[in-house]
Amino acid sequence: MSALQPVRGTRDILPEEMRRQRAVIETAREIAERYGYLEMATPVFEFTEVFKRTLGDTSDIVTKEMYTFSMKEGEQITLRPENTAGVARALMSGGLSQQLPLKFFYAGPMFRHERPQKGRQRQFHQFGAELLGVPKAQGDIELIALGAHILTGLGVYENTSLELNTLGDSDSRTAYRAALVEYFSEHRADLSNDSQDRLERNPLRILDSKNEGDRKIVAGAPVFGDYLNTESQDFFATVKEGLEALGIAYNLNPRLVRGLDYYCHTAFEFTTDLLGAQSAVLAGGRYDGLVETMGGPSTPGVGWAAGIERLSMLMDKEIPAPRPIAVIPVGQATEATALTLAHTLRHAGYGIELGFSGNVGKRMKRANKLGARAAVLLGEDELAKQSATIRDLDSGEQELVSLDAVVEYLVRYR
RNA sequence: GUGGCUGUAGCUCAGUUGGUUAGAGCGCCGGUUUGUGGUACCGGAGGUCGCGGGUUCAAGUCCCGUUAGCCACCCCA
């Protein structure tokens, strides 16, 4: 371990990658606002209890992935591993439940102490959307449509597929879970160690096991469809019809389950096969029980979160840096004029690069390396005529322009 | 947390059966061109061979540990 290297699972986001991530966020932000969602932010850390109660004491995230700290006062706080719990907490803290329905979106860093691999870091960033106070399937449809729209806006929709499932309401889920536990308990000895563990903690997860032996047993397991009550079936049917009406294709995937306890009804995941094992890029579902679990008023909710790094990796295009205009003084005598000219141009809205040192050749080189669109050369000859030489760095053509006219002349390079 | 692969200049990599001053391309800096960039030519800087032990007359090359990355499991965005 060296103090000079970043902590495992973290990395610096340098300008090139930053531009991509910013493009992801800004595209998502713009589209979310079209759907009436408003941006908000919750703190990066919360009382540990917030996550423990909502994610469930047995989830992997709570049992082994949280960054938890003890404060001097004896309080336990945790860096957020996801943002839905924080939004739900904010709903109660701020008395916002008087204003339902509410549509929020957020973007920011999340922290999970997992083993890093491609598309998975310990500090990563999510963009998410939450719809609170809407119990109807129309909410689920809108949210999935929003997710699909953002993926389209990023140009990655074609590289993803939408996996869809229902977890039913709590009655259906309880009945199904009981049936699963009974079935798997009979085959307990033949299950993998992981799945024996799942049997205790989250039996639905066994359905999603990649272990071959497990899969054979899963093949004979009870099917959720048989345990869905009429209400749950109708709800799911409405979601599917809505997606079809919007032309959003989906694959029914009965093995798609959620690791987080508060999900019910719709569960969905936009996945890709371009990121190795970390295939989910935007995933979520309905969580009608969440707010109540936290001790708030019964409040239905639907939401999803997307991995910003994963989306950035999927977008293969380079985002070019903005092209500045270089202001270059030629000789000591013109530096003062260059400084004020740069100042004026910046206030007029131009991106100006004013070198700090070097002769004309060096400054031109630097301007070129930065991708400058044009260079404004200020020498004593020009100064005598109250003018500047403006060189187009793409064509190589240059022209003498009066200092009063520079702001207007440069409009062509906007 | 488990298993496998990898770690040589800023980047991508080459380094024969362990053997004298560790190489290339790109990038960087300088020069040809001290009022004009991109191309070309010339020159230069830059390496505790991830880190720590060990074996050996001798280790970038072999062994052990450790750390980081990657891949899979797990989990998930």
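Quick notes on this structure:
- Dipole of segment A:179-321 [Lys/Arg +1, Asp/Glu -1 at C-beta], most positive-end residue of A:243, A:315, A:211: A:315
- Non-local Lys pairs in chain A, i.e. 8 or more apart or on different chains, that have alpha carbons under 30 Å apart: 23
- Cα pair distances of segment A:120-220 binned at 5 Å [whole percent]: 2, 9, 15, 14, 13, 15, 15, 12, 4, 0
- Packing, as the average of other Cβ atoms within 10 Å across residues, places the peptides A:131-139, A:8-16 in the order A:131-139, A:8-16, highest first.
- Based on DSSP H segments of at least four residues, each scored -39500 (n - 2.57), chain A has a per-residue ellipticity at 222 nm of -10500 deg cm²/dmol.
- Distant alpha-carbon pairs in segment A:46-93 (separation over 19 angstrom), percent: 21
- Whether segment A:190-265 is rounded, prolate or oblate, judged on the alpha carbon gyration tensor where a/c under 1.5 counts as rounded: prolate
- In terms of Cα atoms, the Rg and Dmax of chain A work out to 27.9, 96 Å.
- Accessible carbon and sulfur surface of chain A relative to its total accessible area, %, 1.4 Å: 50
- Kirkwood Rh in Å, taken over segment A:134-286 so that all alpha-carbon pairs contribute: 16.4
- Per-residue packing, averaged as other Cβ atoms within 10 Å, sorts the ranges A:141-151, A:286-296, A:385-395 into the order A:141-151, A:286-296, A:385-395, beginning with the highest.
- Radius of gyration (Cα atoms) of segment A:94-141, expressed as a multiple of 2.2 N^0.38 Å: 1.61.
- Against the rule of thumb 2.2 N^0.38 Å, how large the Cα Rg of segment A:325-413 comes out: 0.95
- A Förster distance of 25 Å, applied to the separation of the beta-carbon atoms of residue A:336 and residue A:409, puts the FRET efficiency at 0.70.
- For segment A:241-335, the solvent-accessible area of protein heavy atoms averages 40 Å² per residue (probe radius 1.4 Å; ligands and nucleic acids excluded).
- Sequence ranges A:21-28, A:77-84, A:170-177, ranked by mean other-Cβ count within 10 angstrom, highest first: A:77-84, A:21-28, A:170-177
The values are calculated or read from the model by the stated rules, or taken from the named source; none is laboratory data. All figures in this text were calculated on a predicted structure; none of them were measured in a lab. Heads up, the Cβs are rebuilt from the backbone with ideal geometry, glycines too, and the neighbour counts pull from every protein chain shown. Please note that ligands, DNA and RNA were not included when accessible areas were found on the heavy atoms of the full protein model with its side chains. Shrake-Rupley method; radii C 1.70, N 1.55, O 1.52, S 1.80 Å.
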